[in-house]
Amino acid sequence: MEAATLYPKPESSPEREGFYRRLRQLSAAPVWESLGDLIPTQPRPACVPALWRYAELRPMLMEAGRLISAREAARRVLILENPGMPGAARITGSLYAGLQLVLPGEDTPTHRHTASALRFVIESNGGYTAVDGERATMRPGDFILTPSWTFHDHGNPGSEPVVWLDGLDLPIVNMFDTGFAEHYPEETQPVTRREGDSLLRYGSNMFPVEYNRDGMAAPIFTYPYSRSRETLQQLYKNGPLDPRRGVKMQYINPVTGGSPMPAIAAFLQLLPAGFNGQPYRSTDATIFCAAEGSGTSRIGGETFEWRRHDIFVVPSWRHVSHSVEQDAVLFSFSDRPAQKALGLWREEA
Ligand code: 1HN
């Protein structure tokens, strides 16, 4: 066991306290009073392990649907707030997550912002997200990007509610004070490309001959569940099975092989029936959403029972292990690429 702190606070004395008070008046402070907090021997996240039950949140989302329209709200979202950071609009220290509802016949105004967003579709029969002039029909399990500064809007021409999990790197963008946003000049951006165009053009193991890489996000913005799910199934048959992760794949930017957006990585993993995973930990606090099935996850000594569409969080450097009785599929996302870019990311099996 590592020492709780390398630097316990020195003793206090009236003389020292008086000195600290005079320092505060000069907007200065003694580092020896906070050194242990500033350089912990291992991560000490405010983020705590937590689970959100879809069965409890869905009725609240439908109630929100009766209280406010998608147009009035601009985005009708229930923020999933980490209980360790209430009021901070964070599910982890660096990421925001929420559940968004678009009712039949509704759409949302088109806007863009510097924060990057992902969607993981929970319920949809005909809903869509439009990104820079192209609409993608949302189907359950689809993973969809709205990269930084792309115009986006959502709509539901179908007859049932559309619900998805939003993930944004807002806390990172706002830590840097780099938040910008603007409306599209009209309520809804025009459709300028046929559905499926970017996936064909950039997601078919070929690129247009004249293609030059530009931008930091993937040129495709939808990763259909049908393809990802089939891949996991076939790879499970091929083996081998990772004793910690099951069959786990990361979504990529096909141009770079790296993460689909600069600060956010996303993953899909199959935990086959009877899987009893070994624990592992990493420094990227991770948000999980059960795409299929149910299971049990041990997170830093606590046990969480999850069902389909439940969302749970593993804080930085907390051990996690998953076990399932029947086949289950977990979607997850984290700030891993941001940590890697700064040379900070660690994992331990
Ligand atoms: C946003 O733009 C969306 O476009 C959803 O669907 C949630 C939360 C905070 C800031 C912007 C969206 C958001 C958001």
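Matching residues to (1) more than 20 Å from the chain's Cα centre (by Cα); (2) on the phi > 0 side of the Ramachandran plot; (3) open to solvent by 30 Å² or more (accessible area, probe 1.4 Å):
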position	(1), (2), (3)
Gly133	yes, yes, no
Gly155	yes, no, no
Val162	no, no, no
Asp166	no, no, no
Glu182	yes, no, yes
Glu195	yes, no, yes
Exercise. Is it the case that segment 290-312 has a residue that's open to solvent by 10 Å² or more (accessible area, probe 1.4 Å), of a type outside the set (A, V, I, L, M, F, W, C), over 25 Å from Asp142 (Cα atoms) and assigned to a loop (DSSP other than H, G, I, E, B)?
Worked result: yes
For this session: Hey, can you tell me all the residues within segment 81-137 that are more than 23 Å from Leu199 (Cα to Cα), within 13 Å of the ligand (Cβ to nearest atom), in contact with a Lys or Arg (Cβ under 9 Å, 6 or more places away or on another chain) and hydrophobic (A, V, I, L, M, F, W, C)?
Result: Ala97, Leu99, Leu101, Val102
Exercise. Within the bounds of segment 173-188, is there any residue that is without any contact (Cβ under 8 Å) to a residue 40 or more places away in the chain, within 16 Å of the ligand (Cβ to nearest atom) and part of a loop (DSSP other than H, G, I, E, B)?
Worked result: yes
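So, Phe143, is that one more than 10 Å from the ligand (Cβ to nearest atom), more than 14 Å from the chain's Cα centre (by Cα) and aromatic (Phe, Trp, Tyr) or not? Break it down stepwise before answering.
Working: more than 10 Å from the ligand (Cβ to nearest atom): yes; more than 14 Å from the chain's Cα centre (by Cα): no; aromatic (Phe, Trp, Tyr): yes.
The answer is no for Phe143.
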Exercise. Of the conditions (1) open to solvent by 100 Å² or more (accessible area, probe 1.4 Å); (2) part of a loop (DSSP other than H, G, I, E, B), Pro43 fails just one. Which one is it?
Worked result: (1)
For this session: Among residues belonging to segment 210-242 that are assigned to a helix (DSSP H, G or I) and farther than 14 Å from Phe267 by Cα, point out the one that is most open to solvent (accessible area, probe 1.4 Å).
Result: Lys237
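The values are calculated or read from the model by the stated rules, or taken from the named source; none is laboratory data. Treat the numbers as computed from the prediction; the structure is a model and nothing was measured. Don't worry about glycine lacking a Cβ; one is built from the backbone with ideal geometry, like all the others, and counts go over all protein chains shown. Accessible surface areas use protein heavy atoms only, side chains included; no ligands, DNA or RNA. Shrake-Rupley method; radii C 1.70, N 1.55, O 1.52, S 1.80 Å.
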